Amino acid sequence: MQMSNGVLLLNASYEPLQVVSLRRAIVLLLKEKAEIVEADGAELHSGSLVLPKPSVIRLVYYVKIPSRLHLPLTRKMVLARDNYTCQYCGRQFPKSELTIDHVIPKSRGGETTWDNVVVACRRCNQRKGNRTPKEAGMKLLREPFEPRYVAIVILGEGSRQSTWEKYLGMYRGKKRIK
Ligand SMILES: [Zn+2]
């Protein structure tokens, strides 16, 4: 069973909107403003009512989101985007042991942009050195992307649930790295 009581709220289009409390999710379900997309197997009892405990719910009506806002590119945001996972060896580390790697090194003209920075553990960063992943014979887990503004509320440290991942993954950018 999941420890977290956060519920991922999706738009009618399945786009992630935010993480809501379990209580809020139940209200939306009872008012038939949302439906359960993923449940975590547990049951909730409310009076005579028995509900599967939701982990992902979806609004019945489409909510228009304000035009895209750009997220500040900070170490904290990059760590959150990459889920504290080294993008080369695929292992999770405490944030103190993680570095921000420029995929195309700065010294080679690589810029500090969402699509050129990834989280790397010290060991991988050291191994890669002043080389591109190709030169170093290292492969990125996935191409870095600019996260959508709405994702910011989903990026809370350690609060992600495994059932959320496929919905979060739908809204990645598509820029490619050579
Ligand atoms: Zn690593």
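The values are calculated or read from the model by the stated rules, or taken from the named source; none is laboratory data. What you are looking at is a predicted structure, and each value in this text was computed from that prediction instead of being measured. Cβ sites come from the backbone with ideal geometry, for glycine too, and all protein chains shown count toward neighbours. Side chains are part of the model used for accessible areas, which takes the heavy atoms of the whole protein and leaves out ligands, DNA and RNA. Shrake-Rupley method; radii C 1.70, N 1.55, O 1.52, S 1.80 Å.
Take the residues in the range 118-170 that are within 16 Å of the ligand (Cβ to nearest atom) and among the basic types (Lys, Arg), then tell me which one is modelled with the lowest pLDDT.
142
Out of all the residues in the range 9-39, which are open to solvent by 10 Å² or more (accessible area, probe 1.4 Å), assigned to a loop (DSSP other than H, G, I, E, B) and touching a residue at least 24 places away in the same chain (Cβ under 8 Å)?
12, 13, 14, 15, 32, 33
I'd like the full set of residues that are in contact with a Phe, Trp or Tyr (Cβ under 6 Å, 6 or more places away or on another chain) and either within 16 Å of the ligand (Cβ to nearest atom) or charged (D, E, K, R) (or both), limited to the range 68-94.
92
Is it the case that the range 53-68 has a residue that's surrounded by fewer than 16 Cβ atoms within 10 Å (Cβ to Cβ), of a type outside the set (Lys, Arg), at pLDDT 85 or above and in contact with a Ser or Thr (Cβ under 8 Å, 6 or more places away or on another chain)?
Yes, the range 53-68 contains at least one residue that is surrounded by fewer than 16 Cβ atoms within 10 Å (Cβ to Cβ), of a type outside the set (Lys, Arg), at pLDDT 85 or above and in contact with a Ser or Thr (Cβ under 8 Å, 6 or more places away or on another chain).
Looking only at the range 69-84, how many residues end up being open to solvent by 20 Å² or more (accessible area, probe 1.4 Å) and in contact (Cβ under 8 Å) with a residue 40 or more places away in the chain?
Of the residues in the range 69-84, 6 are open to solvent by 20 Å² or more (accessible area, probe 1.4 Å) and in contact (Cβ under 8 Å) with a residue 40 or more places away in the chain.
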